[in-house]
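Colleague: Below is one structure. I have some questions about it.
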Amino acid sequence: MTDSLNKISDVAVDPDGEFKYILVRVKVKGGTDHKDVVRGTRSAKYHNQIFEKVSPAVESLGLECTCLGGGKMEHNSKEKKLRVFGESTGYGKADHAVTVEKLKAVFKDYEITME
């Protein structure tokens with residue numbers, strides 16, 4: 001992977017609450033190197049609002065991105081629990097299994113479930 005891809009964190013989600021999330025494929029422009037990242041925040045009323053923040057940041061590094069789908073997440077940092085569920089009306093359902101694997105790599109001591 002290129003250095004630019006390594007600058008993008010695999011997971012960036014709010015520490016608590018129920019919120020929307022998206023699964024995004026980030027790739028090198030004109031290349032085949034890529035990685036999938038998870039982004040979620042309570043500040044987004046709609047999934048596209050998350051993508052509208054992610055896309056310019058990715059492009060500023062000379063990369064491009066595509067939203068693979070979305071859903072919802074419930075994060076309880078006190079109890080160390082994450083629940084992944086639902087889908088995005090605009091982007092369709094993200095592959096929750098991929099999302100869970102990404103979360104497990106970051107939140108190693110959490111109980112992470114999906115529906």
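The values are calculated or read from the model by the stated rules, or taken from the named source; none is laboratory data. Remember, predicted model here, so these are calculated numbers, not experimental data. Quick reminder, even Gly has a Cβ in these numbers, built from the backbone with ideal geometry, and neighbours come from all protein chains shown. Heavy atoms of the whole protein, side chains included, go into the accessibility calculation; ligands, DNA and RNA do not. Shrake-Rupley method; radii C 1.70, N 1.55, O 1.52, S 1.80 Å.
Colleague: At a 1.4 Å probe, what is the % contribution of carbon and sulfur to the accessible area of segment 17-106?
Modeller: 48
Colleague: Using a Cα-Cα cut-off of under 27 Å, which lysines could be cross-linked to K108, ignoring same-chain neighbours fewer than 8 residues away?
Modeller: K7, K20, K27, K35, K53, K72, K78, K80, K81, K93
Colleague: To make sure I understand the rule: partners must be aspartates and glutamates, Cα under 17 Å from the Cα of K102, and not fewer than 8 residues away in the same chain. Which ones qualify?
Modeller: Leaving aside aspartates and glutamates fewer than 8 places away in the same chain, those within reach of K102 are D10, D14, D36, E74, E111, E115.
Colleague: Can you work out the PRE-style zone for D10? Point 7 Å along Cα to Cβ, and I want the residues of segment 91-115 with backbone N under 18 Å.
Modeller: Residues 95-114 qualify, since their backbone N sits under 18 Å from the label point.
Colleague: What trypsin sites (Lys or Arg not before Pro) in segment 1-107 are in a loop by DSSP, with at most 16 other Cβ atoms within 10 Å of the Cβ?
Modeller: Within segment 1-107, the qualifying trypsin sites (Lys or Arg not before Pro) (loop, at most 16 other Cβ atoms within 10 Å) are K7, K29, R42, K45, K78, K80.
Colleague: Right, another one. With +1 on the Cβ of every Lys and Arg and -1 on the Cβ of every Asp and Glu, and nothing else charged, how large is the dipole of segment 15-107 about its Cα centre, in debye rounded to the nearest 20?
Modeller: 200
Colleague: Any idea what % of Cα-Cα pairs in segment 5-50 are farther than 12 Å?
Modeller: 62
Colleague: Give me the tail of P(r) for the chain as a percent: Cα-Cα pairs with distance above 20 Å.
Modeller: 37
Colleague: Write down the accessible area per residue of segment 26-115 in Å², having rolled a 1.4 Å probe over the full set of protein chains.
Modeller: Averaged over the residues of segment 26-115, the accessible area is 57 Å².
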